[in-house]
Amino acid sequence: MKTKHIFYSIIFISILFGCSNNTKKKKPVNSNSIVKYAENFSISISENYIDFQILNPETNEVEKKYALVKNDTIKVPEGYTPILVPIKSVIALSSTHIGMLSKLDVCKLVKGISNHTYIHEPSILDRYKKGEIIEMGEENSIPVESIIRSKSDLLIYSGFGKAFPHQEQLEKLGTICLANYDWKENHPLGKAEWIKVFGYLTGKENSASIYFKIIEKDYLRLKKIASKLKSTPNLFSGNLVGDIWYSPAGESYNAILFKDAKGDYKYANTKGTGSTENSFEQIFSDNVNTKYWFNPGVESKKDLLKSQPKFKLFQAYKQNNIFSYTFSGNEFWERSAIEPNHVLSDLIRILHPELKLKNKLYFYRTLSK
């Protein structure tokens, strides 16, 4: 289990670093876009094709334009890369991609993944064991031969503002490379809205639209319930890596969730969409009496004290109010982006026990001894 603890800590920190500390970003310049919350893509319906544009989160400029066509004879505008839809096969290099494909019941299209160790979806694991899915390895070091051997129409990668390695060569050979910036979205519903992209790519756009409306309605319902509560319990988040404590910045995805759950997040007023960096001494001073602690990166108090014995002095430690998602690690990384309503439900249930909600926690658990 130690390997997985290290993995989740690395993922946690990489997400925090991956989100820049810029303030609010611009929406894609496309007045006809059907996108409501996401800031890093736009989709609009043209007469003969679907206009799909990806926005670079760092530059706020359009990074790539795609024309989704149902017939390869359709002429697309200059500067657009055509994608014949519905796609017949895909390499999905992130857990969130698997989660969205699973919701649309199209996991059968997956021909390649990054690492089976961190997959939760049973059908993907089953097909991997049967040799029907190729394990590609890390995103920046995948052998071109493995991608070609998969014979996939599309490769979806996380996107770090750069083209995928050997992208031009791969696209000449028939595999389109598409950057997915769902992990760069700050609004929880913005992350979930990327399911619309997968919907149009796989011919499941109606299913994706219906699913997103259900998620949106439930998220906003929960947010409204929380907004009417009188209590606003205080909380902090994050963990100590080396000598630095990383916490979500005040305009980040996690900070928005804490706010929508009617929690008083200690660093809600900090600027930026990434992470704040503090010394342990500062965190101790700010939060020794804070009631709740989220996302410590471990599953037990024993593991917590191994990294810093003084953690036992925190009120959250004494009252057993430390909550982690690492119990459901693979499941959390696959599903949390596409189920923000369930993440919000967990936070509300934890922070406001006075509601006496009947449903169980989806992702979070208290730390064991």
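The values are calculated or read from the model by the stated rules, or taken from the named source; none is laboratory data. Everything numeric here is computed off the predicted structure, so don't read it as measured data. For neighbour counting, all protein chains shown are included, and Cβ atoms are generated from backbone atoms with ideal geometry for every residue, glycine included.
The figures follow:
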{"quantity": "Whichever residue in region 32-51 is aromatic (Phe, Trp, Tyr) and not in a strand (DSSP E or B) and, among such residues, is surrounded by the fewest Cβ atoms within 10 Å (Cβ to Cβ)", "calculated": "TYR37"}
{"quantity": "Residue list for region 318-349, restricted to those being without any contact (Cβ under 8 Å) to a residue 60 or more places away in the chain, in a helix (DSSP H, G or I) and surrounded by 18 or more Cβ atoms within 10 Å (Cβ to Cβ)", "calculated": "SER328, PHE332, HIS342, ASP346, ARG349"}
{"quantity": "Residue in region 291-306 that is hydroxyl-bearing (Ser, Thr, Tyr) and closer than 30 Å to GLU58 by Cβ present", "calculated": "no"}
{"quantity": "Candidate set: region 192-207, residues that are outside any helix (DSSP H, G or I) and more than 20 Å from the chain's Cα centre (by Cα); chosen: the one surrounded by the fewest Cβ atoms within 10 Å (Cβ to Cβ)", "calculated": "GLY203"}
{"quantity": "Test: ILE176 is under 26 Å from GLY250 (Cα atoms), β-branched (Val, Ile, Thr) and either surrounded by 21 or more Cβ atoms within 10 Å (Cβ to Cβ) or in contact with a helix residue (DSSP H, G or I) (Cβ under 9 Å, 6 or more places away or on another chain) (or both)", "calculated": "no"}
{"quantity": "Positions within region 272-294 being of a type in the set (S, T, N, Q), in a loop (DSSP other than H, G, I, E, B), surrounded by 15 or more Cβ atoms within 10 Å (Cβ to Cβ) and modelled with pLDDT of 95 or more, in sequence order", "calculated": "THR290"}
{"quantity": "Candidates LYS88, LYS129, LYS111, filtered to the one that is among the charged types (D, E, K, R), crowded, with 20+ Cβ neighbours inside 10 Å and assigned by TED's automatic domain parsing to the domain that holds ILE195", "calculated": "LYS111"}
{"quantity": "LEU101 vs. criteria assigned to a helix (DSSP H, G or I), within 21 Å of GLU205 (Cα to Cα) and either in the same structural domain as ALA179 (by TED's automatic domain parsing) or under 26 Å from the mean Cα position of the chain (by Cα) (or both)", "calculated": "yes"}
{"quantity": "Complete set of residues in region 113-138 that are out of contact with any helix residue (DSSP H, G or I) (no Cβ under 7 Å at 6 or more places or on another chain) and within 18 Å of ARG149 (Cα to Cα)", "calculated": "ASN115, ARG127, LYS129, LYS130, GLY131, GLU132, GLY137, GLU138"}
{"quantity": "Test: LYS369 is buried (at least 20 other Cβ atoms within 10 Å of the Cβ), over 30 Å from SER94 (Cβ atoms) and not hydroxyl-bearing (Ser, Thr, Tyr)", "calculated": "no"}
{"quantity": "Residue match in region 218-231 (condition: modelled with pLDDT under 95 and of a type in the set (Asp, Glu))", "calculated": "no"}
{"quantity": "Single residue of region 52-73 satisfying the filter (among the β-branched types (Val, Ile, Thr) and not in a loop (DSSP other than H, G, I, E, B)) that is farthest from VAL35 (Cα to Cα)", "calculated": "VAL69"}
{"quantity": "Criterion (of a type in the set (Asp, Glu), more than 17 Å from LYS223 (Cα to Cα) and in the same structural domain as TYR246 (by TED's automatic domain parsing)) met by exactly one of GLU339, GLU334", "calculated": "GLU334"}
{"quantity": "Checking GLY297 against (1) assigned to a loop (DSSP other than H, G, I, E, B); (2) under 28 Å from LEU229 (Cα atoms), the condition it does not meet", "calculated": "(2)"}
{"quantity": "Residue check for ASP105: out of contact with any Ser or Thr (no Cβ under 9 Å at 6 or more places or on another chain) and either surrounded by fewer than 16 Cβ atoms within 10 Å (Cβ to Cβ) or closer than 15 Å to ILE195 by Cα (or both)", "calculated": "no"}
{"quantity": "Set LYS302, LYS312: member being in contact with a helix residue (DSSP H, G or I) (Cβ under 8 Å, 6 or more places away or on another chain), surrounded by fewer than 23 Cβ atoms within 10 Å (Cβ to Cβ) and among the basic types (Lys, Arg)", "calculated": "LYS312"}
{"quantity": "Residues located in region 235-263, provided they are touching a residue at least 12 places away in the same chain (Cβ under 8 Å) and either surrounded by fewer than 17 Cβ atoms within 10 Å (Cβ to Cβ) or outside the structural domain of GLU339 (by TED's automatic domain parsing) (or both)", "calculated": "VAL241, ASP243, ILE244"}
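Let's see how each residue does on (1) aliphatic (A, V, I, L, M); (2) surrounded by fewer than 23 Cβ atoms within 10 Å (Cβ to Cβ); (3) in contact with a strand residue (DSSP E or B) (Cβ under 6 Å, 6 or more places away or on another chain); (4) not in a helix (DSSP H, G or I):
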position	(1), (2), (3), (4)
LEU125	yes, yes, no, no
GLU145	no, yes, no, no
PHE160	no, yes, no, yes
GLU168	no, yes, no, no
LYS213	no, yes, no, no
